[in-house]
Each structure stands twice: as C-alpha cells, then as structure tokens.
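Chemist: I'd like to ask you about the structure that follows.
The values are calculated or read from the model by the stated rules, or taken from the named source; none is laboratory data. This one's a predicted model, so the numbers in the text were calculated from it and none came from an experiment. Cβ sites come from the backbone with ideal geometry, for glycine too, and all protein chains shown count toward neighbours. The area values use the complete protein model at the heavy-atom level, side chains included, leaving out ligands, DNA and RNA. Shrake-Rupley method; radii C 1.70, N 1.55, O 1.52, S 1.80 Å.
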Amino acid sequence: MTSSTRAWWRTAVVYQVLLRSFADGDGDGTGDLAGLRARLPHLAALGVDAIWVNPWYPSPMVDAGYDVADYRDVDPAYGTLGEAQAFVAEAHALGMRVLLDVVPNHTSDAHPWFRAALAGDEAARARYLFRPGRGDDGAEPPNDWDSSFRGPAWTRSTDPATGRPGDWYLHLFAPEQPDLDWSNPEVRAELLDVLRFWFDLGVDGFRVDVAHGLAKAAGLPDAEGADRRTQAHPGWDQDEVHDVYRAWRALADSYDPPRVFVAEAWVARRERLPLYVRPDELHAAFAFEPLHVAWREGPWRRVVERELAFSATSGAPSSWVLTNHDVVRQVTRYAREQPEEKGGNEWERARWPGSVPDLELGRWRARAAHLLVAALPGVLYVYLGEELGLPEVEDLPADARVDPIFHRSGGTDPGRDGSRVPLPWTGSEPVAGTWLPQPPGWGSLAAAVQEGDPASVLSLYRASLALRRSHWAAAGPLEWDDAPAGVLALHRSPAEGDDGGPLHSWTTFAEPVELPAGARVLLASRPELTGAGGGADAGGGAASPVVLPPDTTAWWRRTP
C-alpha cells in the first residue's frame with residue numbers, strides 16, 4: 001500500500017449522508033440502507049472518495065439518531081446489520097471508503113445503561129453524571145449550565161425507592177441524551193470496544209461527535225455565564241479528553257490500513273484546536289468558519305489564511321465544508337444580504353416573518369463557493385443534496401418539525417429540519433408521506449432531471465470533482481495572485497506529472513473582473529465561461545478577454 005493511499009484522508013472528497021433523508025428503498029417515507037446501496041452509483045459518478053454516514057444505530061430519534069440506544073446494531077427503520085456490512089463492502093468495491101458517526105458524549109435515555117440507572121442500579125448510575133440538587137430539598141439544578149438545545153442542562157430524576165424527586169442528571173443537549181461520565185473506566189472500555197466492533201466490520205473511520213465534550217471539570221463548577229462558543233467553560237474542552245483520544249488512536253493504528261478519526265470540536269479558543277490533532281490523537285478536525293462566513297472577499301480570505309495556518313501548525317489537513325446537517329444550506333444562506341464578516345443564527349435561520357431570499361442569486365453564489373473551496377488544499381466535504389443545489393426548506397409547518405431546538409425554544413428558533421428534507425431523485429417529487437414533507441417544486445431539482453443538463457449543478461459538481469482529483473488534490477501549496485481588489489485570486493503549482501503550468505482559481509464577489517491575457521478557463525461556475533479564452537481565436541487573432549461577472553469562480557491556466 002502506497003503512502004498516498006494510506007493518507008487518503010488528507011485530500012479526500014467526503015460525502016455526508018443523513019440516512020433517513022438520502023434515499024428511500026422500501027417506500028415507507030424514510031431513507032434507509034437499501035436506498036443508499038441503490039444510489040451508490042450516483043456517489044461513484046459524482047467522484048467522492050468516502051461516504052460519511054450519520055448515526056444509523058437503534059435510537060428513539062429524538063435528535064436524528066444522535067441519541068443512541070445501542071452502539072452495535074442498526075436501527076430497524078434503516079435495515080439490518082447484515083445490510084450495513086453489505087453496504088461497506090459495496091462502497092469499497094466502488095473505490096469509496098466509509099466513515100460512521102460515533103456519539104461518545106451521551107447516550108439515549110433508552111440505552112440499557114441509563115434505564116438501569118433510573119431503576120437504581122448503582123454501577124449504571126456511576127456511568128452517568130447524577131448529582132444532588134441545590135436549594136431546599138434539592139429543588140434547584142446542581143449548577144448553572146445551559147443545554148446546547150436551550151433550557152437548563154439538568155433534569156431531575158425520580159427516586160425508584162420512594163417515588164419522590166431524586167438526584168439530577170446532566171444532559172448538555174436534550175434531556176433524552178444523558179451525558180456519560182468519562183472518568184469512569186467502564187465508559188472508556190465500552191466505547192473503545194464499540195470502535196473495535198465497527199473497525200472489525202470494515203468501517204474505515206469515524207467522525208467524532210462533540211469531540212470537545214466527554215470530560216468535564218472536576219466538581220462540575222458553575223459556568224458563571226460563560227458562553228461555551230467563545231469562552232472557557234467547565235463543561236467543554238477539558239484537557240482530560242486527550243487521554244481518551246490517545247487510546248483511540250492507538251486502536252486505529254493497530255489496523256492495516258490504519259483507521260481514521262475526524263473531530264467535531266467547537267473550541268472557544270482557536271489555539272486549543274491543534275491539541276485534538278496531535279500525532280498520537282485524532283487525524284483531522286472540521287473547520288466551522290466556512291459554514292458561517294459572509295459571502296465577501298475579505299472575510300473569505302481571512303478564513304482561508306486561518307485554516308491554512310492551522311494546517312501548517314498542526315500538521316493536520318485543512319477541511320472545507322459549506323453546509324451540513326446542523327446549518328442552513330448555502331443556497332439560502334447566500335441568498336440574503338451578507339453581513340460584514342460572519343453571521344449567527346439570526347442571519348442564517350429565517351425568523352417568522354423573515355426576509356425573502358433571492359434564491360437565484362443564492363444559487364450563483366453557491367456554485368462559485370463550491371469551486372472556491374474545491375481548489376483549496378485539504379479535505380472537501382459535500383453534504384447530501386448539495387450537488388443538486390437544494391435550498392433550505394424554511395416554511396415547514398410547525399407540526400412537521402421534529403428538531404428539539406425548535407421545540408425547546410418554544411418555536412422561536414426553527415432549528416435544523418429545513419436542511420434535512422429528503423432528497424428529490426426522480427422528478428416526481430414531492431412524494432407524500434416522507435418523514436419531513438418535500439416542498440412544491442422539489443422535483444425540478446431532482447437528480448434525474450439534472451442528469452443530462454450540462455449547465456446543472458450536478459454537472460458542475462461532477463466536473464469539478466473530476467478536475468480536483470486529477471489536478472488540484474496533489475497540487476502545490478496555495479499562493480495568492482496579484483489581482484484586482486475584491487477578487488479572491490490564488491494559484492497552486494501543478495502536481496508531479498502535470499505539465500500544464502500553475503492552476504489558478506479566481507472568485508469575484510461584488511464586481512466583474514477581466515482575467516489576464518492568455519487565460520483559458522478550465523471550468524467556471526457560470527457554464528458559458530467554461531472553455532473560454534486562450535491565446536487565439538478560431539481565426540488566429542487574439543482571443544477576446546474573459547470577463548467574470550460578480551459571484552463567479554473560474555479555474556484557469558495561461559495558454560503557452
């Protein structure tokens with residue numbers, strides 16, 4: 001096995017599958033393994049190197065499967081463990097690797113351990129964070145921590161002996177997701193064995209959910225108002241978590257080929273993130289800034305520079321992701337007025353009433369953003385339906401929404417359901433009875449409709465990922481071009497064996513720009529520009545200059 005094969009995760013294109021939204025194989029309205037297996041040719045033709053599957057474990061589905069009741073099986077709604085093994089084998093046969101989600105910070109309240117804990121099993125209780133309350137009769141939570149899903153991070157249990165209110169248990173997310181106590185050796189041993197179980201079945205690695213969680217500060221002190229996203233917090237990013245990941249890395253390295261871990265780690269201080277990707281810990285970490293940065297040249301340049309600096313410092317690959325299951329799809333995000341630097345939930349998630357997005361504008365910007373990130377060094381992530389140009393579904397009825405963020409906020413935050421609506425495949429959508437309703441017009445974006453259209457988003461993604469694999473993935477380090485103001489212009493030296501000269505990627509934002517003389521466009525987000533330019537026109541005269549409109553990315557080379 002070559003070193004480049006062993007380090008596939010440094011330059012891969014990884015496609016994220018939310019299983020129940022990807023493809024329905026049995027017609028019950030919920031995506032499943034049968035649907036995923038049937039659509040593997042779509043992913044192979046798209047040009048992805050790996051498939052990341054969100055939790056497929058048995059679960060009450062309070063939080064889209066991130067409330068796990070059994071870590072060693074597949075939820076019956078999705079299929080069987082045998083079907084999961086077949087999927088892994090079929091993906092491998094098509095040249096694609098498989099990553100799963102592991103959810104180590106918490107279980108479901110339906111997990112046998114937690115049920116036993118509520119029934120009074122002391123060994124089971126010790127695997128979670130039960131604490132007596134404060135105040136009269138313990139009626140107040142043990143500390144002031146808030147849940148990431150709104151409200152307090154504590155729920156009071158019932159004493160099984162007396163039937164009276166008892167101790168409180170910690171849940172940094174929904175009450176149905178009790179946090180594990182990672183100071184307990186039984187917890188560490190159990191999750192290590194879970195990883196071994198799936199590695200032995202051929203899974204190539206894991207995305208680690210809430211990697212910055214797990215360990216909590218000793219004594220669970222008050223946070224005293226600390227914002228977990230911007231300030232040190234006793235519930236997050238504790239040094240003890242790194243002992244866990246050293247053990248995990250040792251296990252991953254014991255396999256041939258070695259298995260891989262990618263961290264979802266939200267750290268309040270950026271200088272803490274490299275700690276998660278030290279050589280004896282996790283392999284890579286997500287960069288979240290591209291999910292929130294405004295569509296402007298200056299902010300994007302700073303994001304690129306910060307992420308490349310992180311890679312240079314840590315030795316881990318940069319990661320580029322424009323959307324996922326937790327944020328608003330980029331077509332809609334870019335369809336609204338852009339803030340000066342970056343947005344928060346108030347900008348990204350529509351409020352009722354909210355501004356009407358200009359989806360045509362959003363689509364052009366999303367196409368340009370895809371080519372921008374696909375040219376950058378590192379790993380590229382593609383979320384399901386991104387290759388179809390899907391927008392956020394913002395008008396889901398309240399009674400159809402299932403995200404606990406929506407319900408725990410009293411409906412003031414629409415949550416994440418709008419990015420999780422099942423994909424359109426055939427053009428006959430909307431299909432009745434899907435687990436989240438598909439909107440009118442969804443069928444016009446279907447894969448089958450876009451299949452034969454060279455100007456479609458699907459065609460753009462296929463072309464870009466093919467060029468990325470053949471040209472950009474092994475190209476040299478990024479260097480900035482001398483270009484007009486307001487243009488994000490870069491180049492990378494060609495890979496070994498590529499004699500075509502430097503590869504350039506130029507992205508416009510507010511103003512049009514003319515490419516340098518002799519530039520020949522290899523691929524552009526505006527389909528009419530692909531192939532434009534070069535040294536001469538058909539009659540032998542100088543070719544017309546190529547002008548990029550606003551909100552456009554072009555990959556180009558200079559004609560000798």
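Chemist: Residues to consider are 271, 281, 307; find the one that is in contact with a Phe, Trp or Tyr (Cβ under 6 Å, 6 or more places away or on another chain) and either open to solvent by less than 10 Å² (accessible area, probe 1.4 Å) or part of a helix (DSSP H, G or I) (or both).
Modeler: Exactly one of 271, 281, 307 is in contact with a Phe, Trp or Tyr (Cβ under 6 Å, 6 or more places away or on another chain) and either open to solvent by less than 10 Å² (accessible area, probe 1.4 Å) or part of a helix (DSSP H, G or I) (or both), namely 281.
Chemist: Against the definition (touching a residue at least 12 places away in the same chain (Cβ under 8 Å) and in contact with a strand residue (DSSP E or B) (Cβ under 7 Å, 6 or more places away or on another chain)), how does residue 153 come out, yes or no?
Modeler: Yes; evaluated as a whole, the condition is true for this residue.
Chemist: Residue by residue through segment 199-225, note down the ones that are out of contact with any strand residue (DSSP E or B) (no Cβ under 6 Å at 6 or more places or on another chain), in contact (Cβ under 8 Å) with a residue 12 or more places away in the chain and among the hydrophobic types (A, V, I, L, M, F, W, C).
Modeler: Those that are out of contact with any strand residue (DSSP E or B) (no Cβ under 6 Å at 6 or more places or on another chain), in contact (Cβ under 8 Å) with a residue 12 or more places away in the chain and among the hydrophobic types (A, V, I, L, M, F, W, C): 199, 201, 210, 214, 215, 217, 220, 223.
Chemist: Taking residue 525 and the conditions (1) within 27 Å of the chain's Cα centre (by Cα); (2) surrounded by fewer than 20 Cβ atoms within 10 Å (Cβ to Cβ); (3) in contact (Cβ under 8 Å) with a residue 12 or more places away in the chain, which numbered condition does it fall short on, given that it satisfies the others?
Modeler: (2)
Chemist: Hey, another quick one. So, in segment 198-219, how many residues would count as being more than 17 Å from the chain's Cα centre (by Cα) and assigned to a loop (DSSP other than H, G, I, E, B)?
Modeler: First pass over segment 198-219, keeping only residues more than 17 Å from the chain's Cα centre (by Cα): 198-204, 213-219.
Checking the rest, the ones that are also assigned to a loop (DSSP other than H, G, I, E, B) come to 201-204, 213-219.
Qualifying residue count for the region: 11.
Chemist: Anything in segment 70-92 that is open to solvent by less than 40 Å² (accessible area, probe 1.4 Å), of a type in the set (A, V, I, L, M, F, W, C) and touching a helix residue (DSSP H, G or I) at 6+ places or on another chain (Cβ under 8 Å)? List them, or say none.
Modeler: Answer for segment 70-92, where residues must be open to solvent by less than 40 Å² (accessible area, probe 1.4 Å), of a type in the set (A, V, I, L, M, F, W, C) and touching a helix residue (DSSP H, G or I) at 6+ places or on another chain (Cβ under 8 Å): 74, 84, 86, 87, 91.
Chemist: Then there's this: Kindly list, by first and then second residue, each pair from a residue in segment 348-373 that is at pLDDT below 95 to a residue that is outside any loop (DSSP other than H, G, I, E, B) and open to solvent by less than 20 Å² (accessible area, probe 1.4 Å), limited to pairs with Cβ atoms under 6 Å and residues at least 6 apart or on different chains.
Modeler: Close Cβ pairs (under 6 Å, with a partner that is outside any loop (DSSP other than H, G, I, E, B) and open to solvent by less than 20 Å² (accessible area, probe 1.4 Å)) amount to 348/333; 357/332.
Chemist: Restricting attention to segment 24-46, and to residues there that are open to solvent by 10 Å² or more (accessible area, probe 1.4 Å) and touching a Leu at 6+ places or on another chain (Cβ under 8 Å), which single residue is farthest from residue 431 (Cα to Cα)?
Modeler: 44
Chemist: Restricting the search to segment 428-468, which residues are in a loop (DSSP other than H, G, I, E, B), open to solvent by less than 60 Å² (accessible area, probe 1.4 Å) and under 12 Å from residue 388 (Cα atoms)?
Modeler: 446, 455, 456
Chemist: Open to solvent by less than 50 Å² (accessible area, probe 1.4 Å) and charged (D, E, K, R) - does that describe any residue in segment 114-123?
Modeler: No, segment 114-123 has no match at all.
Chemist: Test residue 488 against the criterion of being in contact with a helix residue (DSSP H, G or I) (Cβ under 9 Å, 6 or more places away or on another chain), touching a residue at least 60 places away in the same chain (Cβ under 8 Å) and either open to solvent by less than 10 Å² (accessible area, probe 1.4 Å) or farther than 29 Å from residue 10 by Cβ (or both), and give yes or no.
Modeler: Yes; evaluated as a whole, the condition is true for this residue.
Chemist: When you check residue 259 against the structure, is it surrounded by fewer than 16 Cβ atoms within 10 Å (Cβ to Cβ) and modelled with pLDDT of 95 or more, yes or no?
Modeler: Numbers: surrounded by fewer than 16 Cβ atoms within 10 Å (Cβ to Cβ): no; modelled with pLDDT of 95 or more: yes.
So residue 259 fails the test.
Chemist: Got at least one residue in segment 50-58 being part of a loop (DSSP other than H, G, I, E, B) and more than 21 Å from residue 195 (Cβ to Cβ)?
Modeler: No, segment 50-58 contains no residue that is part of a loop (DSSP other than H, G, I, E, B) and more than 21 Å from residue 195 (Cβ to Cβ).
Chemist: So which of 225, 219, 202, 235 is of a type outside the set (Val, Ile, Thr) and surrounded by 18 or more Cβ atoms within 10 Å (Cβ to Cβ)? Working first, answer last.
Modeler: Details: 225 fails: surrounded by 18 or more Cβ atoms within 10 Å (Cβ to Cβ); 219 fails: surrounded by 18 or more Cβ atoms within 10 Å (Cβ to Cβ); 202 fails: surrounded by 18 or more Cβ atoms within 10 Å (Cβ to Cβ).
Just one listed residue meets the conditions, 235.
Chemist: Which condition number in (1) part of a helix (DSSP H, G or I); (2) in contact (Cβ under 8 Å) with a residue 40 or more places away in the chain is the one that residue 78 fails?
Modeler: (1)
Chemist: Within segment 501-522, which residues are assigned to a loop (DSSP other than H, G, I, E, B), touching a Lys or Arg at 6+ places or on another chain (Cβ under 9 Å) and surrounded by 14 or more Cβ atoms within 10 Å (Cβ to Cβ)?
Modeler: Passing the criteria: 502, 509, 516, 518.
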